[in-house]
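Taken together, the values in this text are just the output of simple stated rules run on the coordinates, not laboratory data. Bear in mind the structure is a predicted one, so any value in this text is a computation, not a measurement. Here the Cβ positions follow ideal geometry from the backbone for every residue, glycine too, while neighbour counts run over all protein chains shown.
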Amino acid sequence: MFEEPDIETLSKAYDRLQSVPNPDVIKLLEDLATRGSLMSMIYIAWAYENGYGVVADGNQVILWYRRAIDHGSDLATYYLGHFYLKSNDYAQAKEVFNIGALKDYSPAMYCLGCMYLEGTGCKQNRDEALKLFKKASMQGHVFARRSLAGMYLSGEYGLANIVYGLFLFFSALKNAFIMQIKDPDSDLLRA
């Protein structure tokens, strides 16, 4: 796991970004980024995406999320993929989610699985969606488990899997409830 170079300064910068966003906070985050802080790169991208302390700028959003991905952030694949989805750039979203999926990052696997399930920006491929949901579910991803349950409950995969689908559904519900209490920021709850 990656360790932040200065977690105290990062935490203070994040708090300032949330309360009184201004260009000075962005400069502080940029300084942290030059020292290797992945979360500062993600916070900068988020600031540009939402216009916090800076003028909203899609090119800067992409630049900072890509920089975080290039430096090893799996979380950035999730955020950049969603940025592309909101921008209706499905080919780029699929590419970025695939980067995360290849690194076994369950939120990216789940998102890519949803794209295949619905045929969003790609040819619908229920088998590929099933494979991705299974893999993410095995890691404990709650929404992947719920989607896998839904696929099995459809009856498309045989009667025996309907019962298994019920088990998965209630398992996902239980796990979501427990995780929401214990760790509401868990990657396993990212949809």
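One table, with the values for the structure above:
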| read-out | value |
| --- | --- |
| Value of relative contact order over segment 1-95, rounded to a whole percent, pairs C-alpha under 8 Å and six or more apart | 20 percent |
| Estimated dipole of segment 113-191 in Debye, rounded to 20 [Cβ of Lys and Arg +1, of Asp and Glu -1, Cα centre] | 100 debye |
| Within segment 175-191, backbone nitrogen closer than 15 Å to the virtual label 7 Å beyond the Cα of GLU118 toward Cβ | 191 |
| Electrostatic dipole magnitude of the chain [Cβ: Lys, Arg +1; Asp, Glu -1; Cα centre; debye, to 20] | 680 debye |
| Loop trypsin sites (Lys or Arg not before Pro), segment 87-133, which have at most 15 other Cβ atoms in a 10 Å radius of their Cβ (DSSP) | LYS103, LYS123 |
| Extreme residue, positive dipole direction of segment 1-73, given options ALA68, LEU17, TYR52 (C-beta unit charges) | TYR52 |
| Using alpha-carbon coordinates, inclination of helix 23-34 to the longest axis of the chain, degrees | 70 degrees |
| At q = 0.18, 0.19, 0.20, 0.24 Å⁻¹, base-10 log of I(q)/I(0) for segment 1-73 (Debye sum, equal scatterers on each alpha carbon) | -0.60, -0.67, -0.74, -1.05 |
| Fewest-first sequence of CYS111, CYS122 by Cβ atoms within 10 Å of each Cβ | CYS122, CYS111 |
| Sparse-neighbourhood loop sites, chymotrypsin sites (Phe, Trp or Tyr not before Pro) in segment 147-191 - DSSP loop, at most 16 other Cβ within 10 angstrom | TYR157 |
| GLU8, GLU118, GLU95 arranged by Cβ crowding within 10 Å, fewest neighbours leading | GLU8, GLU118, GLU95 |
| Cα-based Rg / Dmax (Å) for the chain | 18.4, 60 |
